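The values are calculated or read from the model by the stated rules, or taken from the named source; none is laboratory data. Owing to the predicted nature of the structure, the values given are computational and were not obtained by experimental measurement. For neighbour counting, all protein chains shown are included, and Cβ atoms are generated from backbone atoms with ideal geometry for every residue, glycine included. Heads up: the accessible areas ignore ligands, DNA and RNA and are worked out on the full protein's heavy atoms, side chains in. Shrake-Rupley method; radii C 1.70, N 1.55, O 1.52, S 1.80 Å.
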Amino acid sequence: MTRPANKPAAVAEQTLIRNFLDGTYRPGDHLPAERRLAVALGLTRPTLREALQRLDRDGWITIRQGKPTVVNDFWRHGGLNVLNAMVNSGADLNPDFVTQLLEVRRTLAPAYVADAVRLNGEGVVQACAARAELSDDAEAYCDYDWHTHHRLAVLSNNIVYPLILNGFKSLYLQLGAAYFTLDQTRGASAAFYGELEHLARNGDSQAAADLAENVMAASIQYWKHMIETQ
């Protein structure tokens with residue numbers, strides 16, 4: 001759930017996250033003493049503690065009783081909430097990081113697509129058939145792609161897959177808005193869902209997994225090309 005941005009604790013949380021991302025506070029650094037940090041952020045100490053507890057929970061920092069609070073290496077210690085926090089902070093994302101995120105999707109998608117076709121083929125057919133109502137614009141394709149992948153994850157009957165995708169949602173939608181501005185990416189997406197619908201009707205889960213693997217690999221190449229030509 002996205003926290004209301006106008007709440008003082010949420011504002012302080014976002015400010016500190018930007019400080020972590022821009023290197024103001026680096027992994028291993030100690031945060032200033034609570035009283036000094038509260039004054040710098042214009043907060044009461046209870047409000048600051050609320051923000052710090054959230055950051056500790058999500059892996060950004062480690063609060064140590066009676067000792068300075070330590071900034072963590074969030075790439076190693078953070079959870080999925082870190083991804084959404086990065087997007088909400090307005091930070092620029094390293095293209096290499098985005099490529100690695102797409103590699104994760106390349107690993108996951110064939111598994112949940114195959115299980116969805118095997119266990120709930122008719123649901124896959126219905127999800128793919130909805131593409132016929134799409135308008136040919138980036139926003140429509142981005143929204144459809146997100147919801148269809150999420151639907152496929154649900155149809156896999158593995159409750160972990162939707163949870164993982166939910167953790168990527170804000171980032172997924174941000175990247176998709178740029179990715180689907182290209183005619184060829186929208187065309188490739190439409191072709192993917194058309195072929196997947198055909199395979200689901202035939203109950204061919206292995207071919208569906210192979211298709212997803214190939215399409216996810218191609219999406220990485222599209223993304224790299226976009227970055228190189230900007």
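Computed over the chain with a Gaussian network model linking Cα atoms closer than 10 Å, the most mobile of 79, 23, 167 is 23.
Run the numbers on the chain and let me know its relative contact order in percent, using alpha-carbon pairs under 8 Å that are six or more apart. Mind showing how you got there, number by number?
On the way: 269 pairs, mean separation 48.6, N = 230.
It comes to 21 percent, rounded to a whole number.
Highest GNM mean-square fluctuation among 54, 35, 118, for the chain modelled with Cα contacts below 10 Å: 35. Per-residue extension of 0.36 nm, minus the Cα-Cα distance of residue 30 and residue 188, leaves a gain of 52.1 nm for this segment.
One way to sum up the overall shape of the range 166-230 is the equivalent ellipsoid from its Cα gyration tensor, whose semi-axes run 24, 14, 11 Å, largest first. Helix 8-21 and the longest principal axis of the C-alpha atoms of the chain enclose an angle of approximately 80°.
Zone of residue 138 (label point 7 Å along Cα→Cβ, backbone N under 11 Å): which residues in the range 159-192? Counting only backbone N, you get 174-183.
Computing FRET efficiency as 1/(1 + (r/R0)^6) for residue 67 and residue 160, where r is the C-beta to C-beta distance and R0 is 41 Å, gives about 0.70.
In deg cm²/dmol, rounded to 500, what helix-only [θ] at 222 nm does the chain give when every DSSP H run of at least 4 residues adds -39500 (n - 2.57) and the total is split over its residues?
Numbers: 10 runs with 165 residues, N = 230.
Calculated from helices alone, the mean residue ellipticity at 222 nm is -24000 deg cm²/dmol.
Counting only heavy atoms of the protein chains and using a 1.4 Å probe, residue 18 has close to 110 Å² of accessible surface.
Straight Cα distances below 25 angstrom link residue 67 to none of the lysines, with same-chain residues fewer than 8 positions distant left out. Taking Rg/Rh (Cα atoms, Kirkwood Rh) as the quantity of interest, determine which of (i) 1.16; (ii) 0.96; (iii) 1.06 was computed from the displayed structure. Read-out taken from this structure: (iii).
Each of residue 77 and residue 104 was given a label point 7 Å from its Cα along the Cα-to-Cβ line. The distance between the two points is 1.9 nm.
Before I look further, what does the chain give for accessible area per residue, probe 1.4 Å, in whole square angstrom? Present the calculation step by step, with values, prior to reporting the outcome.
Values: 12230 Å² over 230 residues.
About 53 Å² of surface per residue is accessible.
Whenever you get a sec, compute what percent of the accessible area on the chain sits on carbon and sulfur atoms (1.4 Å probe). For the chain, the apolar C and S fraction of the accessible surface comes to 50 percent. Considering only 94, 157, 202, the mean-square fluctuation computed in a Gaussian network model of the chain, springs between alpha carbons under 10 angstrom, is largest for 94.
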